1. State whether one or more residues within the range 219-227 are outside the structural domain of Y271 (by the TED database) and touching a residue at least 60 places away in the same chain (Cβ under 8 Å).
2. Counting only residues that are open to solvent by 50 Å² or more (accessible area, probe 1.4 Å) and of a type in the set (A, V, I, L, M), which one in the range 61-76 is farthest from P128 (Cα to Cα)?
3. Considering (1) open to solvent by less than 60 Å² (accessible area, probe 1.4 Å); (2) of a type in the set (D, E, K, R); (3) at pLDDT below 75, say which one R36 fails and leave the rest.
4. Scan the range 257-289 for residues that are closer than 13 Å to I228 by Cα and among the charged types (D, E, K, R) and jot them down.
5. Does Q140 fit the bill of being surrounded by fewer than 10 Cβ atoms within 10 Å (Cβ to Cβ) and at pLDDT below 80?
6. Suppose we filter the range 249-261 for residues that are in contact with a Leu (Cβ under 9 Å, 6 or more places away or on another chain) and either at pLDDT 95 or above or of a type outside the set (G, A, S) (or both); how many remain?
7. Checking the structure you have, find out if any residue of the range 266-278 is open to solvent by 50 Å² or more (accessible area, probe 1.4 Å), closer than 30 Å to P171 by Cβ, part of a loop (DSSP other than H, G, I, E, B) and out of contact with any Cys (no Cβ under 8 Å at 6 or more places or on another chain).
Amino acid sequence: GRRHHHKTPLPGARGRALVPAARPQLRIHSAPAPARGEGPRNRPGTDQMGGGSGGRGKGMPRAMAPVEEVDVAAVRYKPAELQAPHLTGFPLRAFVWLLESPLLGPLVTSILKKQNNMTQMLQHTVIPERPMFYPEYPPQEPERGVVTLGDDRDPVDRVEEALSCLAPYDPSGRFTSADEKNPFLYWKIRDFAYAYRSGITTPSAVAELVIAGVEEWNNKKPPMPMLIFFKADDLRKQADASTKRFEKGSPISVLDGIFFAVKDDIDCLPYPSKSATTFFDEIRPVEKD
C-alpha cells in the first residue's frame, strides 16, 4: 500500500540529469471495521486515507491504518505533477553544491517542497508497522519444469546444471565452411564455446577484436569511451590462459573464454567501482569480488 520513489543527486555525479523525482505516494484506504471491535473509522485522529482528520487536536499525530485493515482493491495510484529543475552539466553540479551548502541547502529544499505541497509529508505520522528492509514473499509451491540452483554450491557445478536445462545445441546453420562468405552472425555463449572447442577460433583471437573495438571508440574525436576502466594487456593475459586450457582440452566450463563487461557498482577485484562518480572508488576501494 506504500510506494516511495526518489532520486538524489550524488556529488560529483557525471552524466546524470536531475529530473523531477516521483512524489512519495500514500494511498492507504481503510475498509470499514469488522465486527471484532474498533476500526479505522472510529480510531481518534484517523481518517480513511490513513492521515490525520481535519478536526484532530493540535500536535496529535496522524496514524496510518495497519496493513491488515487496508482494502487493497480500493487502492488507486494517482501520480502528481511536480515542479523541479531539469539540469545537466555545470548547472547540475552547481545545484548539487547549493543543496549541500549548510546555509542555503535547507532553504532551497524548503522552497521545492512548498512548491510541490510536500511540507507535511510524513511529519508527525505514526506507522504501526515495523520497517521492512528486504522484500518478503509468502511460501510458494515449486514451479513445474523449474530447477533451483543452490547459492551455496560450486559455481562450475551450477553452470553445468543450468546448461543441462537448455535445448540441445545444434551448430548447423550457425557456421559455414571457410570457402563460403559468412553472413553476419550474432554469436551466443554456446557459439563461442563450440568455436573454441572446434578450433574455429580462440579466446586470444576474440580478445584482439574486443581490444580493437574498445580502442576505436576511445580514439574517436571526441573520445567516446564505452568502459570506465580497461587494460588491454590484462585482457590478453586472461585470454591467453583460457586459450591454453582449450589446447589442453580442459576448459573450466561453458563460460571459459566468454568476454563480458562488469557494471561499475559491482565489486570485481582488481577493477574500481566508481558508481558513476569521480570519487567513490577513492573512499571505498575494492578489496574482493
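The values are calculated or read from the model by the stated rules, or taken from the named source; none is laboratory data. Owing to the predicted nature of the structure, the values given are computational and were not obtained by experimental measurement. All Cβ positions, even for glycine, are placed from backbone atoms using ideal geometry, and neighbour counts span all protein chains on display. Accessible surface is based on the protein model in full, side chains and every heavy atom, while ligands, DNA and RNA are left aside. Shrake-Rupley method; radii C 1.70, N 1.55, O 1.52, S 1.80 Å.
1. Here is the first cut: in the range 219-227, the ones outside the structural domain of Y271 (by the TED database) are 219-227.
Subsequent filtering for residues that are touching a residue at least 60 places away in the same chain (Cβ under 8 Å) retains none.
No; the residues of the range 219-227 include none that is outside the structural domain of Y271 (by the TED database) and touching a residue at least 60 places away in the same chain (Cβ under 8 Å).
2. Quick first cut of the range 61-76, residues open to solvent by 50 Å² or more (accessible area, probe 1.4 Å) only: 61-62, 67-68, 71-73, 76.
Remaining after also requiring of a type in the set (A, V, I, L, M): 67, 72-73.
Details: V67: 9, V72: 17, A73: 21 Å.
Filtering first and then ranking leaves A73.
3. (1)
4. Selection gives K263, D264, D265, K274, D281.
5. Numbers: surrounded by fewer than 10 Cβ atoms within 10 Å (Cβ to Cβ): yes; at pLDDT below 80: yes.
So Q140 fits the description; yes.
6. If we filter the range 249-261 for residues that are in contact with a Leu (Cβ under 9 Å, 6 or more places away or on another chain), which is where we start, we get 253-254, 259, 261.
Next cut, either at pLDDT 95 or above or of a type outside the set (G, A, S) (or both) only: 254, 259.
Number satisfying all stated conditions: 2.
7. For the range 266-278, residues open to solvent by 50 Å² or more (accessible area, probe 1.4 Å), closer than 30 Å to P171 by Cβ, part of a loop (DSSP other than H, G, I, E, B) and out of contact with any Cys (no Cβ under 8 Å at 6 or more places or on another chain): absent.
Residue by residue, here is whether (1) modelled with pLDDT of 75 or more; (2) farther than 30 Å from A276 by Cα holds:
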residue	(1), (2)
G45	no, yes
G51	no, yes
G59	no, yes
R62	no, yes
P66	yes, yes
G89	yes, no
E100	yes, no
L107	yes, no
M132	no, no
